[in-house]
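Structure first, then comments.
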Amino acid sequence: MYLLRLALRSLLNRRFSALLTVLAIALSVTLLLGVEKIRTEARASFAGTISGTDLIVGPRTGSVQLLLYSVFRIGHPSANMRWDSFQRIADHPRVAWALPISLGDSHRGYKVMGTSADYFLHYRHGRDRALAFAEGKAFADLYDAVLGADVAREQGYVLGSELVLAHGTGSVSFVEHADKPFRVSGILEKTGTPVDRTIHVSLQGLEALHVDWRQGMPARGAARISAERARDMALTPSSITAALLGLDSRVATFAVQRDINRFPDEPLMAVLPGVALQELWSLLGVAEKALFIVSVFVVLTGLVGMLTAILSSLNERRREMAILRSVGARPRHIFSLLLLEAFGLALAGALLGVGLMYLTLWLAQPLILSHYGLFIPITAPGPWEWSLLGGILLAAVLMGSVPAWRAYRQSLIDGLSIRT
């Protein structure tokens, strides 16, 4: 215990250099744990975004691209699939349910998705969790809208609020559908997925917005169709962006996928969400490893800085060591004192680094969610993170043994002598 007190007093006596060493270690630990936290939680968040869906169907493109824009609302589709093709696929004898998805509009930067009311019955996230309403219900009227939790919270919308949708998916749009406002009929509970930042409307409601558009431009003057007139028109869409399928048996997945990939009327593709996610992470694997290696070297740099600080102070502390030896301290006590100092610096840096990592994650969490649709939960460190921290402390002790061994070999006579 007296060695611990002595080590603390010694560090306090050199508080400025010790503080800089602790800060360097803390920043390196923050980077290492932050990279690992984001990597593991992002993978879990991606995997939990969609559950219970057997196939994602869309125009023939890359499987990762289809997954990103249909599930994560990232990117843009290169083409659409015809409505009659979707109906034929939905009528497949092995398809239990089919959810159409139509994208292309937005509201204040939030994506608007046209779908059917069955979306709220069959869509699953996390570990087979269904969507739940915090308030209201699914859309029943042509101009009803169901908001994700973040949309309602950030914009202050409540049941009955009116919102005007805009053409295009950018955060700023110069073409708004002001003549056909929507009314909030329901607000979903938070899911931690891109659903929270999505505005859900019916396919017919989305079609009504563009019923008087010609060649990508809104009608003008007498050619414009009012919101009430649109109710009496045929609002069956001619095309949709993608579709989510649930099959009556997982055994039929590959057979249905093969049938869709060979669809005769137009080039379509069906991908398994889990396989597409694995493909996505395989593309990111090199970057993940590179970030991890860089983080490890940053930690090693911090520990080398600690080693340098202790070694550079040894010559100044020769007389201190000699006095300790003269009052009865043995070489092993000197060795233990230096090891305790190194361990204390590393431990303080690791604890501060963990705190900084959680503070940074807490501040960056809404930004990551809004820009990338990823929810990074703030959870306690897992076994892998604890093992990394243990490895850092072990490396600190090993590095601290270098100056400790030098002090151990320093004799009493050498400590008391004056070098010229």
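Structural remarks
Residue-by-condition table, conditions (1) within 33 Å of the chain's Cα centre (by Cα); (2) surrounded by 11 or more Cβ atoms within 10 Å (Cβ to Cβ); (3) farther than 24 Å from Ser78 by Cα:
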residue: Arg224; (1), (2), (3): no, yes, yes
residue: Ala230; (1), (2), (3): no, yes, yes
residue: Ile240; (1), (2), (3): yes, yes, no
residue: Leu244; (1), (2), (3): yes, yes, no
residue: Val256; (1), (2), (3): yes, yes, no
residue: Ile260; (1), (2), (3): yes, yes, no
residue: Phe263; (1), (2), (3): no, yes, no
residue: Glu266; (1), (2), (3): no, yes, no
residue: Ala270; (1), (2), (3): yes, yes, no
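- A residue that is touching a residue at least 60 places away in the same chain (Cβ under 8 Å), farther than 15 Å from Glu189 by Cα and among the aromatic types (Phe, Trp, Tyr) occurs somewhere in the range 102-110.
- Any hit, the range 119-128, residues being in contact with a Ser or Thr (Cβ under 7 Å, 6 or more places away or on another chain), assigned to a strand (DSSP E or B) and basic (Lys, Arg): yes
- Only listed residue being surrounded by fewer than 17 Cβ atoms within 10 Å (Cβ to Cβ), modelled with pLDDT of 80 or more and in contact with an Asp or Glu (Cβ under 8 Å, 6 or more places away or on another chain), chosen from Trp362, Trp384: Trp384
- In summary, Gln278 fulfils each of the numbered conditions (1) surrounded by 11 or more Cβ atoms within 10 Å (Cβ to Cβ); (2) in contact (Cβ under 8 Å) with a residue 60 or more places away in the chain; (3) among the polar types (S, T, N, Q) with the single exception of condition (2).
- Annotation for the range 98-113: at least one member residue is outside any helix (DSSP H, G or I), closer than 21 Å to Phe254 by Cβ and in the same structural domain as Ala242 (by TED's automatic domain parsing).
- Within the range 256-265, being in contact (Cβ under 8 Å) with a residue 60 or more places away in the chain and closer than 15 Å to Leu66 by Cβ holds for Gln257, Ile260, Phe263.
- Candidates Gly109, Gly126, filtered to the one that is within 23 Å of the chain's Cα centre (by Cα), surrounded by 14 or more Cβ atoms within 10 Å (Cβ to Cβ) and closer than 15 Å to Thr193 by Cβ: Gly126
- Any hit, the range 147-160, residues being over 24 Å from the mean Cα position of the chain (by Cα) and closer than 20 Å to Ala227 by Cα: yes
- Qualifying residue in the range 179-191 (condition: part of a loop (DSSP other than H, G, I, E, B), modelled with pLDDT of 95 or more, hydrophobic (A, V, I, L, M, F, W, C) and closer than 28 Å to Ile368 by Cα): no
Residue by residue, here is whether (1) out of contact with any Ser or Thr (no Cβ under 8 Å at 6 or more places or on another chain); (2) β-branched (Val, Ile, Thr); (3) more than 26 Å from Ala98 (Cβ to Cβ) holds:
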position	(1), (2), (3)
Glu189	yes, no, no
Pro194	no, no, no
Arg197	no, no, no
Leu206	no, no, no
Asp232	yes, no, yes
Gly246	no, no, no
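- Out of Ser282, Ser249, one residue alone is out of contact with any helix residue (DSSP H, G or I) (no Cβ under 8 Å at 6 or more places or on another chain), among the hydroxyl-bearing types (Ser, Thr, Tyr) and modelled with pLDDT under 85. It is Ser282.
- Single residue of Gly353, Gly344 found to be modelled with pLDDT under 90, within 18 Å of Trp405 (Cα to Cα) and surrounded by 15 or more Cβ atoms within 10 Å (Cβ to Cβ): Gly344
- Answer from Tyr143, Tyr119 - the residue that is in contact with a strand residue (DSSP E or B) (Cβ under 8 Å, 6 or more places away or on another chain), in the same structural domain as Leu163 (by TED's automatic domain parsing) and closer than 16 Å to Pro194 by Cβ: Tyr119
- There is at least one residue in the range 32-53 that is assigned to a helix (DSSP H, G or I), modelled with pLDDT of 75 or more and more than 28 Å from Asp196 (Cβ to Cβ).
- Of the criteria (1) of a type outside the set (A, V, I, L, M, F, W, C); (2) in the same structural domain as His122 (by TED's automatic domain parsing); (3) at pLDDT below 90, which one Arg258 fails: (3)
- Considering residues of the range 1-31 that are of a type in the set (S, T, N, Q) and modelled with pLDDT under 70 only, the residue surrounded by the fewest Cβ atoms within 10 Å (Cβ to Cβ): Asn13
- Only one entry in Val251, Val211 is under 24 Å from Pro59 (Cβ atoms), among the aliphatic types (A, V, I, L, M) and without any contact (Cβ under 8 Å) to a residue 60 or more places away in the chain, namely Val211.
- Val64 meets the conditions (1) in a helix (DSSP H, G or I); (2) closer than 19 Å to Phe263 by Cβ in every case but one. The failed one is (2).
The values are calculated or read from the model by the stated rules, or taken from the named source; none is laboratory data. Keep in mind it's a predicted model, so treat the numbers as computed, not measured. Cβ atoms come from the backbone with ideal geometry, glycine included; neighbour counts cover every protein chain shown.
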